[in-house]
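A short write-up of the structure that comes next.
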Amino acid sequence: MDEEIVRTRLFKKTEDGFNQCLICAHRCKIKDGRVGVCKTIANRGGELYTINYGILVARNVDPIEKKPLFHFLPKSYSYSIASPGCNFRCLGCQNADISQAYRDEGFETYIEYFKGMKRVEPEEAVKSALSSGCKSISFTYTDPAVFFDYSMEVMGLAHEKGLKNIFVTNGFFTPESIGAVKGLLDAANIDIKFFNDNSYRRICGGRLEPVLESIRGFYENGVHLEVTTLLIDEYNNTPEEIRAIADFIASVSPEIPWHLSRFFPLYKMQDGSVTPEKGLLRAYDIGKEAGLKYIYIGNVRMEGYEDTVCPSCERLLIKRVGYDVLENNIKGEGECKFCGNKIYGVFK
Ligand code: SF4
């Protein structure tokens, strides 16, 4: 076996003679010598392998607020890592140079560079997280689906050392992969990019329903969840679509924080305009009408919209500026200091 590739765990042999990857909802059936949609899982001699195992194209110490996670160990740092590739091909991707390297000819030269990189063993990643003072490891920037096997190894070791594990993801998982990380994954920020299957297919190469199923599945498994929606006037920011997203989140739990993010034209989505403040505020109001308790506006400085307010007594709990926490009035396991109301999240 090639030293740089490692067998993947989540696949099955189908009756019609294929190897089917079960990591994400594409459920690629891969013939010998071929690769899946993400191009990071390959069939070599009848077994599936992950070709980017331990290839970390990003290793950063980030404030956890940058994920964004606002209700999970606030003001802590998360060791943030990524392998190249993605199971989506979003036209507005902000990390296209690493996420689309295998799928976009414009980044082809990067692949040779990745091949020359030394594998970072899971033990080394955990050691680096600990020595940098982080409380968690985040699988982020690209999608954890394309370094799922690696994340499983790292997450097991991280738990042994008292670190938490986080996915920042498009949420395109399967019941099998959601089950595989049960007990290992502590928190996730999942995008709901649209509430329209056609938009998911056309703009990202994905589908809506598996994302909704992942959110339900992770929540049922006790994973702390926060949701992000990038608001793009030309693609999703209508009252009807925003209301549908808010209603869905509220149907899972009105406690789940919702991050509304301002769009800037990027990559192949140059036709979208920068989200105006009034568009962000309208979505915020729609979310409140749907009953969501915690809504935040990000990627822009709008005073007060990054703060956590107690849904019960309406006093300020966490004051944030950018990724910084200036004041925290949540005590103990997550109670409001003023009225004792339990706040959704992990605070200790
Ligand atoms: S991770 Fe998803 S896209 Fe990649 S091979 Fe597996 S099922 Fe296909």
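Residues of segment 134-157 that are of a type outside the set (Val, Ile, Thr) and in contact with a Ser or Thr (Cβ under 6 Å, 6 or more places away or on another chain): 134, 135, 136, 138, 139, 143, 144, 147, 149.
Could you please find all residues in segment 140-171 being touching a residue at least 60 places away in the same chain (Cβ under 8 Å), more than 18 Å from residue 9 (Cβ to Cβ) and either within 16 Å of the ligand (Cβ to nearest atom) or not in a loop (DSSP other than H, G, I, E, B) (or both)? Within segment 140-171, 142, 164, 166, 168, 170 meet the criteria.
Close contacts from segment 33-46, counting a first residue that is assigned by TED's automatic domain parsing to the domain that holds residue 20 and a second that is within 9 Å of the ligand (Cβ to nearest atom) and among the small types (Gly, Ala, Ser), with Cβ to Cβ under 6 Å and a gap of 6+ residues or different chains, come to 35/42; 38/85; 40/85. Of the strands (runs of 3 or more DSSP E) entirely within segment 1-54, those holding at least 3 residues that are within 11 Å of the ligand (Cβ to nearest atom) and buried (at least 19 other Cβ atoms within 10 Å of the Cβ) occupy 41-44, 47-50. For segment 186-207, how many residues are part of a loop (DSSP other than H, G, I, E, B) and either surrounded by fewer than 22 Cβ atoms within 10 Å (Cβ to Cβ) or of a type in the set (A, V, I, L, M) (or both)? Result for segment 186-207: 4. For segment 174-185, a residue qualifies if it is open to solvent by less than 10 Å² (accessible area, probe 1.4 Å) and touching a residue at least 60 places away in the same chain (Cβ under 8 Å), and the qualifying residues are 174, 177. Annotation note: Cβ proximity below 6 Å between a residue of segment 12-32 that is closer than 24 Å to residue 171 by Cβ and a residue that is more than 6 Å from the ligand (Cβ to nearest atom) and assigned to a loop (DSSP other than H, G, I, E, B) (sequence gap 6+ or interchain) occurs for 20/14; 22/10; 22/174; 23/10; 24/172; 25/172; 25/174; 29/18.
Quick check on this structure: which one of 69, 91, 73 is more than 11 Å from the ligand (Cβ to nearest atom), assigned by TED's automatic domain parsing to the domain that holds residue 274 and on the phi > 0 side of the Ramachandran plot?
Details: 69 fails: on the phi > 0 side of the Ramachandran plot; 91 fails: on the phi > 0 side of the Ramachandran plot.
Just a single option satisfies the conditions, and that option is 73.
In contact with an Asp or Glu (Cβ under 9 Å, 6 or more places away or on another chain), over 19 Å from residue 304 (Cβ atoms) and part of a loop (DSSP other than H, G, I, E, B): does that describe residue 233? So residue 233 fails the test.
Only one of the numbered conditions (1) open to solvent by less than 50 Å² (accessible area, probe 1.4 Å); (2) of a type outside the set (Lys, Arg); (3) outside the structural domain of residue 240 (by TED's automatic domain parsing); (4) at positive phi is not met by residue 291, and that is (3). For segment 328-348, give me each residue that is open to solvent by 20 Å² or more (accessible area, probe 1.4 Å) and either part of a strand (DSSP E or B) or in the same structural domain as residue 297 (by TED's automatic domain parsing) (or both). Listed by number, the residues that qualify are 328, 330, 331, 335, 342, 346. Among the residues of segment 310-327, those that are open to solvent by 40 Å² or more (accessible area, probe 1.4 Å) and in contact with a Lys or Arg (Cβ under 7 Å, 6 or more places away or on another chain) comprise 311, 323, 326, 327.
Just one of 111, 137, 98 is away from the ligand (no atom under 14 Å from the Cβ) and outside any helix (DSSP H, G or I); which is it? Sole residue among the options that is away from the ligand (no atom under 14 Å from the Cβ) and outside any helix (DSSP H, G or I): 137.
With the structure loaded, tell me whether residue 18 is modelled with pLDDT under 95 and out of contact with any Pro (no Cβ under 6 Å at 6 or more places or on another chain) or whether it fails that test. Working first, answer last.
On the way: modelled with pLDDT under 95: yes; out of contact with any Pro (no Cβ under 6 Å at 6 or more places or on another chain): yes.
For residue 18, the condition - modelled with pLDDT under 95 and out of contact with any Pro (no Cβ under 6 Å at 6 or more places or on another chain) - is met.
Suppose the filter is among the β-branched types (Val, Ile, Thr), farther than 26 Å from residue 180 by Cα and open to solvent by 10 Å² or more (accessible area, probe 1.4 Å); does residue 238 pass it? Considered against the rule, which asks whether it is among the β-branched types (Val, Ile, Thr), farther than 26 Å from residue 180 by Cα and open to solvent by 10 Å² or more (accessible area, probe 1.4 Å), residue 238 comes out as yes.
Mind telling me which of the residues 80, 128 ends up being touching a Phe, Trp or Tyr at 6+ places or on another chain (Cβ under 8 Å), crowded, with 18+ Cβ neighbours inside 10 Å and either closer than 15 Å to residue 52 by Cβ or small (Gly, Ala, Ser) (or both)? So the residue among 80, 128 that is touching a Phe, Trp or Tyr at 6+ places or on another chain (Cβ under 8 Å), crowded, with 18+ Cβ neighbours inside 10 Å and either closer than 15 Å to residue 52 by Cβ or small (Gly, Ala, Ser) (or both) is 80.
The values are calculated or read from the model by the stated rules, or taken from the named source; none is laboratory data. The model shown is predicted, which means the values in this text are computed figures rather than measured ones. Glycine gets a Cβ as well: all are built from the backbone with ideal geometry, and neighbour counts include every protein chain shown. Areas reflect the complete protein model, heavy atoms only, side chains present, ligands, DNA and RNA absent. Shrake-Rupley method; radii C 1.70, N 1.55, O 1.52, S 1.80 Å.
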